Amino acid sequence: MQAAPSPLLEIYDTLFNDKNIRLLIKRDDLLHPIISGNKFRKLKYNIWQAKKDGQKRLLTFGGAYSNHIHAVAAAGKQWGFETIGIIRGERNYPLNDTLSFASKCGMKIYYISREEYRRKIETEFIEQMHNNFGEFYLLPEGGSNLLAVKGCAEIVREISVPYDCLCCPCGTGATMAGLIAGSHGEKAVLGFSVLKGMRDLEENVAQWVVKYCGKEFINWSIIHDYHFGGYAKVNPSLFSFINDFHLKHNILLDPVYTGKMIFGIFDLIRKDYFRGGSTIIAIHTGGLQGWDGFISNQH
Ligand SMILES: Cc1ncc(COP(=O)(O)O)c(C=O)c1O
């Protein structure tokens, strides 16, 4: 698995002229036709590790529309692993587009209740999974572990233009931890939480950074104002922003992660959050397969 540097593209808008701001988008969504964005970054070293350990099977967890489940299924098919997806909640037929794709890639799908799902990081629960499925390489929910942080830290190394602030959407916070680790505290990093009331997000990010770098950095923060009501919650103004952005810049954002981040960046620029003269780099973390879930849910 080899991440070529993803392109860095400048976005032009009259708002940026008025506020004397530059916005560039690092197009990690273009890294791979299916395993795109932060999924590519997070899986890279995990796949290497699984190969190195001689593992034949990957087991992971996710929701029914999870980008991570989608990516792990594709990665398993591409790099020769059996894959098992443990899905939160009720079995639904017909399978939605995400799970149908995963299943076509060969992923074996099992459903567990939301209560059981909460136990997914308990040792006893993982032992039970081993009793059921035998040997496997465990990928946590969202693919978020220290090897994922390592992969995401590489994003920063690929950036050769001067900038002031890196932005990314946050779910578990592992991608953001990678950006902080990769920039060694030299540049500001701003995360946009896509979940409501994620009180421990800052703590999770800080812990990953310390575990990975052996030290703390302080010039980062998480904005909690653009979750639009919670995970995968949307409203007409978000949809219309994503649509306009696509028409103007020919870049498709997803409604769960990158749409909320870019919406937030525009709003913060309007509110003079960023100093005039700043250059902002936003990471397009992919997630475009999520549209299929949205579209099929509307019918
Ligand atoms: C497209 C996309 N962007 C951003 C994130 C958030 O990443 P993290 O969980 O590392 O915060 C996710 C979830 O993994 C995602 O699928």
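The values are calculated or read from the model by the stated rules, or taken from the named source; none is laboratory data. Just so it is clear, the structure is predicted and the values come from calculations on it, not from any experiment. No Cβ is skipped: glycine too gets one built from the backbone with ideal geometry, and neighbour counts run over all protein chains shown.
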Practice task
Would you point out the residue of region 264-297, among those that are among the hydroxyl-bearing types (Ser, Thr, Tyr) and at pLDDT 95 or above, that is surrounded by the most Cβ atoms within 10 Å (Cβ to Cβ)?
Solution key: 285
Handout entry: Residue in region 250-259 that is surrounded by 11 or more Cβ atoms within 10 Å (Cβ to Cβ), among the small types (Gly, Ala, Ser) and within 15 Å of the ligand (Cβ to nearest atom) present
Key = yes
Exercise for the section: Please work out which one of (1) at pLDDT below 95; (2) of a type in the set (Lys, Arg); (3) within 16 Å of the ligand (Cβ to nearest atom) is the condition residue 91 fails and give its number. Expected result: (3)
Exercise for the section: Go through region 46-161 and tell me which strands (runs of 3 or more DSSP E), entirely inside it, have 1 or more residues that are among the small types (Gly, Ala, Ser). Expected result: 57-62, 82-88
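Yes/no matrix, rows are residues, columns are (1) β-branched (Val, Ile, Thr); (2) part of a loop (DSSP other than H, G, I, E, B); (3) more than 30 Å from residue 101 (Cα to Cα):
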{"position": "6", "(1), (2), (3)": "no, yes, no"}
{"position": "35", "(1), (2), (3)": "yes, yes, no"}
{"position": "39", "(1), (2), (3)": "no, no, no"}
{"position": "42", "(1), (2), (3)": "no, no, no"}
Exercise for the section: Scan region 217-233 and give yes if some residue there is within 16 Å of the ligand (Cβ to nearest atom), assigned to a helix (DSSP H, G or I) and in contact with a helix residue (DSSP H, G or I) (Cβ under 9 Å, 6 or more places away or on another chain), otherwise no. Expected result: no
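For the structure I just gave you, tell me whether residue 170 is among the hydrophobic types (A, V, I, L, M, F, W, C) and within 12 Å of the ligand (Cβ to nearest atom).
For residue 170, the condition - among the hydrophobic types (A, V, I, L, M, F, W, C) and within 12 Å of the ligand (Cβ to nearest atom) - is met.
Going residue by residue through region 121-138, is there one that turns out to be within 16 Å of the ligand (Cβ to nearest atom), at negative phi and assigned by TED's automatic domain parsing to the domain that holds residue 75?
Within region 121-138, the first condition is being within 16 Å of the ligand (Cβ to nearest atom), and the residues that meet it are 121.
From the residues that got through so far, the ones that are at negative phi too are 121.
So of that shortlist, the ones also assigned by TED's automatic domain parsing to the domain that holds residue 75 come out as 121.
Yes, region 121-138 contains a residue that is within 16 Å of the ligand (Cβ to nearest atom), at negative phi and assigned by TED's automatic domain parsing to the domain that holds residue 75.
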Completion exercise
Counted residues in region 197-206 being at pLDDT 95 or above and more than 10 Å from the ligand (Cβ to nearest atom) come to 3
Handout entry: Residue check, residue 180 in contact (Cβ under 8 Å) with a residue 40 or more places away in the chain, on the phi < 0 side of the Ramachandran plot and away from the ligand (no atom under 13 Å from the Cβ)
Key = no
Practice task
Could you check, for region 70-83, whether at least one of its residues is surrounded by fewer than 23 Cβ atoms within 10 Å (Cβ to Cβ), within 13 Å of the ligand (Cβ to nearest atom) and not basic (Lys, Arg)?
Solution key: no
Practice task
Give me a count of the residues in region 151-177 that are over 18 Å from residue 29 (Cα atoms), touching a residue at least 12 places away in the same chain (Cβ under 8 Å), out of contact with any helix residue (DSSP H, G or I) (no Cβ under 6 Å at 6 or more places or on another chain) and not β-branched (Val, Ile, Thr).
Solution key: 4
Completion exercise
For region 252-266, pairs from a residue that is over 11 Å from residue 287 (Cβ atoms) to a residue that is within 12 Å of the ligand (Cβ to nearest atom) and assigned to a loop (DSSP other than H, G, I, E, B), with Cβ under 8 Å and 6 or more apart or across chains, are 262/253
Practice task
Restricting attention to region 182-225, report how many residues are under 16 Å from the mean Cα position of the chain (by Cα) and of a type in the set (Ser, Thr, Tyr).
Solution key: 1
Exercise for the section: Among the residues of region 113-135, write down those that are surrounded by 15 or more Cβ atoms within 10 Å (Cβ to Cβ) and within 23 Å of the chain's Cα centre (by Cα). Expected result: 117, 120
